[in-house]
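The values are calculated or read from the model by the stated rules, or taken from the named source; none is laboratory data. Everything quoted here is computed from the prediction, not taken from an experiment. When we count neighbours, we look across all protein chains shown, and the Cβ atoms used for this are built from the backbone with ideal geometry, even at glycine. Accessible surface areas use protein heavy atoms only, side chains included; no ligands, DNA or RNA. Shrake-Rupley method; radii C 1.70, N 1.55, O 1.52, S 1.80 Å.
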Amino acid sequence: MYFPDFRPRRLRRNENLRRMVRETFLRPEDLIYPMFSAHGEGIRKEIPSMPGIFQQSITHIVEEAKEVYDLGIPAVILFGIPEHKDPLGQDAYNDQGIIQRTIRAIKLAVPELTVITDVCLCEYTDHGHCGVIKDGDVDNDETLKLLAAEALSHARAGADIVAPSDMMDGRIAAIRQILDANDFSHIPIMSYAVKYASAYYGPFRDAAESTPQFGDRRSYQMDPANRREALREAELDVQECADFLMVKPALAYLDILRDLKDNFSLPLVAYNVSGEYSMVKAAAEKDWIDGDRVMMETLTGMKRAGADLIITYHAKEAARLLKG
Ligand code: PBG
Ligand code: ZN
């Protein structure tokens, strides 16, 4: 079956044929939209490096949550910007904290929308690290207690799924244990199982005001050069009873998505992170690329690599294009 007898172009002759042999589909139900909830009233502040994405007070978040649900997007993931930050990130596990109040407001207004919460301390600590500092580094086991308290507090406020992003060892087991002990055995854990120490998080750290005040996150997030280590990280989280596995970032890590898809059976999530979004927006603004087409091609590529779900700042635009 070689040329000239076989000709692959036969199946590309028109859109209807191409449609019949298409292998990958992007759907609104594949998308999860991230939102930044800011303490205070009447706030709607665009993030300069992320056009179309805002830090917002709860009233505006609720309005946007309705819009998201009406577009057919099933879920949002929430990040909080608290009034006060302190060394222990106490707003993170305060039942009256910014995220807890945001969850309750969204669940009241749009109960069908799935609310996922980012479980981490970096948005709430004054030093900007993802855990408790001891001797100049993040202390793993002390941090686990606070992460467990944070996840429990989110569940109590009505979160549908908790998503730990801190990269401490043993956090999935610690969170599963505290949820199960408090009648939340039905709440799934979406693990940021494979999260690399990436420069692609730059714009997010402006949005969440979570830049580390000293050092970097390389003593807990993964080295971008490592592939086999991703399988070890995922395996540990499967053993600790994670319900979803995530790879983050996505674009430079499509091989890792495929590895996880081939080796594990849990639903797989790709996080199309802030820097990936900003690059598309910046180039499109300059008319150097067709922003819509690059967006759809990128998201389709992530699904083709193995993602079942994609967390993306493009979710609303993509859902609108898919609706036609
Ligand atoms: C918090 C967290 C980060 C992101 C999601 N959760 C930033 C970080 O680890 O520094 C990044 C998301 C993005 O860049 O869009 N741990
Ligand atoms: Zn963090």
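With I99, I172 as the choices, which residue is hydrophobic (A, V, I, L, M, F, W, C) and within 15 Å of ligand 2 (Cβ to nearest atom)?
Values: I172 fails: within 15 Å of ligand 2 (Cβ to nearest atom).
I99 is the lone residue from the list that is hydrophobic (A, V, I, L, M, F, W, C) and within 15 Å of ligand 2 (Cβ to nearest atom).
When you scan the stretch 203-212, do you find a residue that is more than 13 Å from ligand 2 (Cβ to nearest atom) and open to solvent by 50 Å² or more (accessible area, probe 1.4 Å), even just one?
Checked the stretch 203-212: at least one residue is more than 13 Å from ligand 2 (Cβ to nearest atom) and open to solvent by 50 Å² or more (accessible area, probe 1.4 Å).
Would you check which residues across the stretch 129-162 are touching a helix residue (DSSP H, G or I) at 6+ places or on another chain (Cβ under 9 Å) and of a type in the set (A, V, I, L, M) and list them?
V132, L144, L146, L147, A148, A149, A151, L152, A155, A157, A159, V162
Report whether or not D206 is touching a residue at least 12 places away in the same chain (Cβ under 8 Å), more than 14 Å from the chain's Cα centre (by Cα), under 26 Å from F54 (Cβ atoms) and not in a loop (DSSP other than H, G, I, E, B).
Numbers: touching a residue at least 12 places away in the same chain (Cβ under 8 Å): yes; more than 14 Å from the chain's Cα centre (by Cα): yes; under 26 Å from F54 (Cβ atoms): yes; not in a loop (DSSP other than H, G, I, E, B): yes.
Answer is yes for this residue.
Matching residues to (1) in contact with a helix residue (DSSP H, G or I) (Cβ under 8 Å, 6 or more places away or on another chain); (2) in a loop (DSSP other than H, G, I, E, B); (3) open to solvent by 70 Å² or more (accessible area, probe 1.4 Å); (4) at pLDDT 95 or above:
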| site | (1), (2), (3), (4) |
| --- | --- |
| Y192 | no, no, no, yes |
| Y201 | yes, no, no, yes |
| R217 | no, yes, no, yes |
| A225 | no, yes, yes, yes |
| E229 | no, no, no, yes |
| R232 | no, no, yes, yes |
| A242 | yes, yes, no, yes |
| R258 | yes, no, yes, yes |
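So is G158 of a type outside the set (A, V, I, L, M), touching a residue at least 40 places away in the same chain (Cβ under 8 Å), more than 23 Å from I310 (Cβ to Cβ) and within 11 Å of ligand 1 (Cβ to nearest atom) or not?
Here the answer is no, as G158 does not meet what is asked.
Which numbered condition in (1) in contact with a Leu (Cβ under 7 Å, 6 or more places away or on another chain); (2) away from ligand 1 (no atom under 16 Å from the Cβ); (3) within 17 Å of G80 (Cα to Cα); (4) touching a residue at least 60 places away in the same chain (Cβ under 8 Å) is the only one that G170 fails?
Going through (1) in contact with a Leu (Cβ under 7 Å, 6 or more places away or on another chain); (2) away from ligand 1 (no atom under 16 Å from the Cβ); (3) within 17 Å of G80 (Cα to Cα); (4) touching a residue at least 60 places away in the same chain (Cβ under 8 Å) one by one, G170 breaks only (3).
Of the residues T143, T117, which single one is without any contact (Cβ under 8 Å) to a residue 60 or more places away in the chain and touching a Gly at 6+ places or on another chain (Cβ under 6 Å)? Spell out the reasoning first.
Working: T117 fails: touching a Gly at 6+ places or on another chain (Cβ under 6 Å).
On inspection, the qualifying residue turns out to be T143.
Mind telling me which of the residues I81, I73, I99 ends up being among the β-branched types (V, I, T), in contact with a Lys or Arg (Cβ under 8 Å, 6 or more places away or on another chain) and under 28 Å from D243 (Cα atoms)? Let's see the steps before the verdict.
Working: I81 fails: in contact with a Lys or Arg (Cβ under 8 Å, 6 or more places away or on another chain); I99 fails: in contact with a Lys or Arg (Cβ under 8 Å, 6 or more places away or on another chain).
Criteria check complete, one pass: I73.
Please specify each residue of the stretch 114-134 satisfying the condition of being of a type in the set (G, A, S) and either open to solvent by 10 Å² or more (accessible area, probe 1.4 Å) or more than 9 Å from ligand 1 (Cβ to nearest atom) (or both).
Residue satisfying the conditions is G131 alone.
Of the residues L309, L322, which single one is open to solvent by 60 Å² or more (accessible area, probe 1.4 Å) and touching a residue at least 60 places away in the same chain (Cβ under 8 Å)?
Values: L309 fails: open to solvent by 60 Å² or more (accessible area, probe 1.4 Å).
When all the criteria are applied, what remains is L322.
Determine whether E150 is outside any loop (DSSP other than H, G, I, E, B), acidic (D, E), open to solvent by less than 20 Å² (accessible area, probe 1.4 Å) and touching a residue at least 12 places away in the same chain (Cβ under 8 Å). Show your work before the answer.
Values: outside any loop (DSSP other than H, G, I, E, B): yes; acidic (D, E): yes; open to solvent by less than 20 Å² (accessible area, probe 1.4 Å): yes; touching a residue at least 12 places away in the same chain (Cβ under 8 Å): yes.
Judged against the criteria, E150 is a match.
Here are the criteria: (1) away from ligand 2 (no atom under 14 Å from the Cβ); (2) closer than 21 Å to A75 by Cβ; (3) in contact (Cβ under 8 Å) with a residue 24 or more places away in the chain. Tell me which single one A199 does not satisfy.
(2)
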